[in-house]
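A.B. asks: What follows is a single structure, and I will ask about it in a moment.
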Amino acid sequence: MQKAPVRLPPATRHGLVLGLLLAAAVGMAARAAYLQLINKDFLQEQGNERFLRVVEIPAHRGMILDRNGEPLAVSSPVDSIWAQPQQLLQQRARWPVLARALGMEPGELEKRLAENETRQFLYLRRHLPPSAAQQILALKIPGVFSKREYRRYYPDAEVTSHLLGFTDVDDAGQEGLERTFDQHLRGVPGSKRVIQDRMGQVVENVERISAPQPGKSVVLSIDRRLQYLTYRALKAAVLENRASAGSAVIADVRTGEILAMVDQPAGNPNNRKNLRGELLRNRAVTDVYEPGSTLKPFAVALGLESGKWSPHTLINTAPGTLKLGRFRVRDVHNYKTIDVTRVISKSSNVGTSIIALSMPAERLWQLYKNLGFGSPSGIGLLGEQAGVLNHFSRWGGEIGHANHSFGYGLSVNMVQLAQAWVVLAADGIRRPLTVLKREQPLAPNEERRVLSTRSVRQLRSMLEEAVSKEGTGLKAAVPGYQVAGKTGTVHKIVNGRYASDRYFSLFAGMVPASAPRLVMVIIVDEPKGGAYYGGTVAAPVFGKTMGGVLRLLNITPDDMPTMKIAGAASPDRATP
């Protein structure tokens, strides 16, 4: 038989329950006091785990400067608007206002949010001026935030675009020098620990973990003033002659520094929407050409070095052609008997061929190799093409030997042609070219003798005749200065054959000729305005550019008695 359960009196039960409740309350109060007064770090750590975040501190990209410290590329602070899609999806009523502020249609905003609803981070608009970003944040729409970034800006826009290249939206180098020196220019972001509220906004900076390291600057050899003058003259020539493209390079003879490098057509890297590949290609290194008559001085220099020829040696070029097997080398006119100086000034293919053929083909090939043809220039620009210089055994006999003497059968880029002409201007010494400012003089082992001083100085006097009323390059003349140079007009190759009506127009020269300081080479691709000779299309670019350049650099005139306005130029009659 079971015993009846013991029942406590009601008063006792009520007292027991009340006691338990009081004990629990005292325990909770004691625990709270312990955590907040004695072990208060515990609650702070728990709160920080929910709201403490490590965020990146952006670092700005280093500047690209010209040789005088003028900025060519800078990174300016901008703000980008981003969103947490899940939060913003709950603010449908605010979408029209936000879309207008962002400059987009409400439907576009809705589509982007729907496609990215599972993401925690979504850019809505990149690279806004800080004031515009603040206006959007002032709308106080939940789920919309800003992020500080940097945007690349190019003060000279298209004038330097081919050389500098550009960066992408994340400020990483994509083309040109921006890509070549990307690791040097790119900064290292820092980091900091912050407290964010439930909306993701930073309410307190707790500590800096690492400081951002700005990118290092790059100082170029380019002179911004010369770059502009060259660009202006080249662009005018391309437009006036309705040409497809053009390139020009100016080099300092003493240091090998590139002072200007420009191309046409051009695009504005500050406006990425309209950029196309052909507007950004640095044609001075990426495109190669047969240099034509601009190489004749080198074949003549070899003749002078051999001792078989002097500036006054007579050559019979009659009847204006030279038969080599089943081929003929032609001059436009029959110059009959002329001396070697007039072979240069009249740009005679026949005369140049006769001089070259008097020596082994190997000697001309070795000279071209020593000048740097057929190999990258070492200037370090992306996309450089080395050009073509076949071994002399593959030239195809006498006709190939002759063709190479007046610039056919091989190809070079404009930097290689400039480097070769620096040799003529530097008394036969080859100096490596650079686009970086040289802070120290070149060491002796960095220079190499290619031609003798005597033959080069004789040749320079002959090249002065080419920029006179007796020569083909009169329009390259600069009042007050002696100019030595050579024109070139080259038939373009189309579908594997030389086109009869499509040309490259070239000029290469140095100034002042009595003691050369600057070399400039120019090419204009396929002029369609009627004129196509190098003397009428490319030579004027030299004259117009150097007139301003010499004044800016305060280079002393060396032809004061003859300072006068140049007369009309004779055509470049000598190239095939």
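A.B. asks: Does segment 111-119 include one or more residues that are in contact with a strand residue (DSSP E or B) (Cβ under 8 Å, 6 or more places away or on another chain) and among the hydrophobic types (A, V, I, L, M, F, W, C)? If you could, list the steps in order and put the result at the bottom.
C.D. replies: First, pick out the residues of segment 111-119 that are in contact with a strand residue (DSSP E or B) (Cβ under 8 Å, 6 or more places away or on another chain): 112-113, 116.
Those left that are additionally among the hydrophobic types (A, V, I, L, M, F, W, C): 113.
Looking through segment 111-119, at least one residue is in contact with a strand residue (DSSP E or B) (Cβ under 8 Å, 6 or more places away or on another chain) and among the hydrophobic types (A, V, I, L, M, F, W, C).
A.B. asks: Does segment 491-512 include one or more residues that are farther than 19 Å from Ser347 by Cβ, surrounded by fewer than 22 Cβ atoms within 10 Å (Cβ to Cβ) and modelled with pLDDT of 95 or more?
C.D. replies: yes
A.B. asks: Being surrounded by fewer than 24 Cβ atoms within 10 Å (Cβ to Cβ), over 16 Å from Glu439 (Cα atoms) and hydrophobic (A, V, I, L, M, F, W, C) is the filter here; which residues of segment 244-270 pass it?
C.D. replies: Passing the criteria: Ala245, Ala266.
A.B. asks: Could I ask something else about it? Inside segment 465-505, can you point out the residues that are among the aromatic types (Phe, Trp, Tyr) and closer than 21 Å to Phe298 by Cβ? Reasoning before the result, please.
C.D. replies: At the first step, the residues of segment 465-505 found to be among the aromatic types (Phe, Trp, Tyr) are 481, 498, 503-504.
Within segment 465-505, just Phe504 meets the criteria.
A.B. asks: Say whether the condition of being touching a residue at least 60 places away in the same chain (Cβ under 8 Å) and β-branched (Val, Ile, Thr) is met by at least one residue in segment 264-287.
C.D. replies: Residues of segment 264-287 that are touching a residue at least 60 places away in the same chain (Cβ under 8 Å), as a first pass: 266-270, 272, 275, 279-287.
Filter once more, keeping what is β-branched (Val, Ile, Thr): 285-286.
Yes: segment 264-287 contains one or more residues that are touching a residue at least 60 places away in the same chain (Cβ under 8 Å) and β-branched (Val, Ile, Thr).
A.B. asks: In the set Ser310, Ser293, Ser347, which member is on the phi > 0 side of the Ramachandran plot and assigned by TED's automatic domain parsing to the domain that holds Ala418?
C.D. replies: Ser347
A.B. asks: Val54 - would you say it is outside any helix (DSSP H, G or I), closer than 30 Å to Val169 by Cβ and either modelled with pLDDT under 80 or in contact with a helix residue (DSSP H, G or I) (Cβ under 8 Å, 6 or more places away or on another chain) (or both)? Explain how you work it out, then say what you get.
C.D. replies: Working: outside any helix (DSSP H, G or I): yes; closer than 30 Å to Val169 by Cβ: yes; either modelled with pLDDT under 80 or in contact with a helix residue (DSSP H, G or I) (Cβ under 8 Å, 6 or more places away or on another chain) (or both): yes.
Yes: the conditions hold for Val54.
A.B. asks: Something else: How many residues are small (Gly, Ala, Ser) and surrounded by 16 or more Cβ atoms within 10 Å (Cβ to Cβ) when one looks only at segment 365-387? Outline the logic, then answer.
C.D. replies: Initial filter on segment 365-387 (small (Gly, Ala, Ser)): 372, 374-375, 377-378, 380, 383, 386-387.
With surrounded by 16 or more Cβ atoms within 10 Å (Cβ to Cβ) added as a condition, the list becomes 372, 374, 377, 386-387.
Total meeting the criteria: 5.
A.B. asks: Do we find a residue being closer than 20 Å to Arg497 by Cα and touching a Gly at 6+ places or on another chain (Cβ under 6 Å) anywhere in segment 411-423?
C.D. replies: Looking for residues that are closer than 20 Å to Arg497 by Cα and touching a Gly at 6+ places or on another chain (Cβ under 6 Å), one finds at least one in segment 411-423, hence yes.
A.B. asks: Now for a different question. Restricting the first residue to segment 125-137 and requiring it to be at positive phi, which pairs with a second residue that is surrounded by 13 or more Cβ atoms within 10 Å (Cβ to Cβ) meet a Cβ separation below 6 Å and a spacing of at least six or different chains?
C.D. replies: His127/Val78; His127/Arg151
A.B. asks: Quick one: which residue in Arg94, Arg100 is farther than 30 Å from Val218 by Cβ, part of a helix (DSSP H, G or I) and within 38 Å of the chain's Cα centre (by Cα)?
C.D. replies: On the way: Arg94 fails: within 38 Å of the chain's Cα centre (by Cα).
Matching residue, one of Arg94, Arg100: Arg100.
A.B. asks: Looking at Lys323 and the list (1) free of Cβ contacts under 8 Å to residues at least 40 places away in the same chain; (2) buried (at least 17 other Cβ atoms within 10 Å of the Cβ); (3) more than 44 Å from the chain's Cα centre (by Cα), which single condition is not satisfied?
C.D. replies: (2)
A.B. asks: Take the residues in segment 423-440 that are out of contact with any Ser or Thr (no Cβ under 9 Å at 6 or more places or on another chain) and either basic (Lys, Arg) or surrounded by 17 or more Cβ atoms within 10 Å (Cβ to Cβ) (or both); name whichever of them is nearest to Val519 (Cα to Cα). Working first, answer last.
C.D. replies: Just the residues of segment 423-440 that are out of contact with any Ser or Thr (no Cβ under 9 Å at 6 or more places or on another chain), to begin with: 423-426, 430, 439-440.
Next, only the ones that are either basic (Lys, Arg) or surrounded by 17 or more Cβ atoms within 10 Å (Cβ to Cβ) (or both) stay: 423-426, 430.
Details: Val423: 10, Leu424: 9, Ala425: 7, Ala426: 10, Arg430: 13 Å.
So the residue we want is Ala425.
A.B. asks: How many of the residues making up segment 233-261 are in a helix (DSSP H, G or I) and under 15 Å from His162 (Cβ atoms)?
C.D. replies: Pass one, segment 233-261, residues in a helix (DSSP H, G or I): 233-240.
Filter once more, keeping what is under 15 Å from His162 (Cβ atoms): 234-235, 238.
Of the residues in that region, 3 qualify.
A.B. asks: Hey, another quick one. Determine whether segment 388-402 contains at least one residue that is in contact (Cβ under 8 Å) with a residue 40 or more places away in the chain, part of a loop (DSSP other than H, G, I, E, B) and touching a Leu at 6+ places or on another chain (Cβ under 9 Å).
C.D. replies: Going residue by residue through segment 388-402, those that are in contact (Cβ under 8 Å) with a residue 40 or more places away in the chain are 388, 397-399, 401-402.
Next cut, part of a loop (DSSP other than H, G, I, E, B) only: 397.
Filter once more, so that each one left must be touching a Leu at 6+ places or on another chain (Cβ under 9 Å): 397.
So far as segment 388-402 goes, yes, one or more of its residues are in contact (Cβ under 8 Å) with a residue 40 or more places away in the chain, part of a loop (DSSP other than H, G, I, E, B) and touching a Leu at 6+ places or on another chain (Cβ under 9 Å).
The values are calculated or read from the model by the stated rules, or taken from the named source; none is laboratory data. All of these numbers come straight from a predicted model, not from anything done at the bench. When we count neighbours, we look across all protein chains shown, and the Cβ atoms used for this are built from the backbone with ideal geometry, even at glycine.
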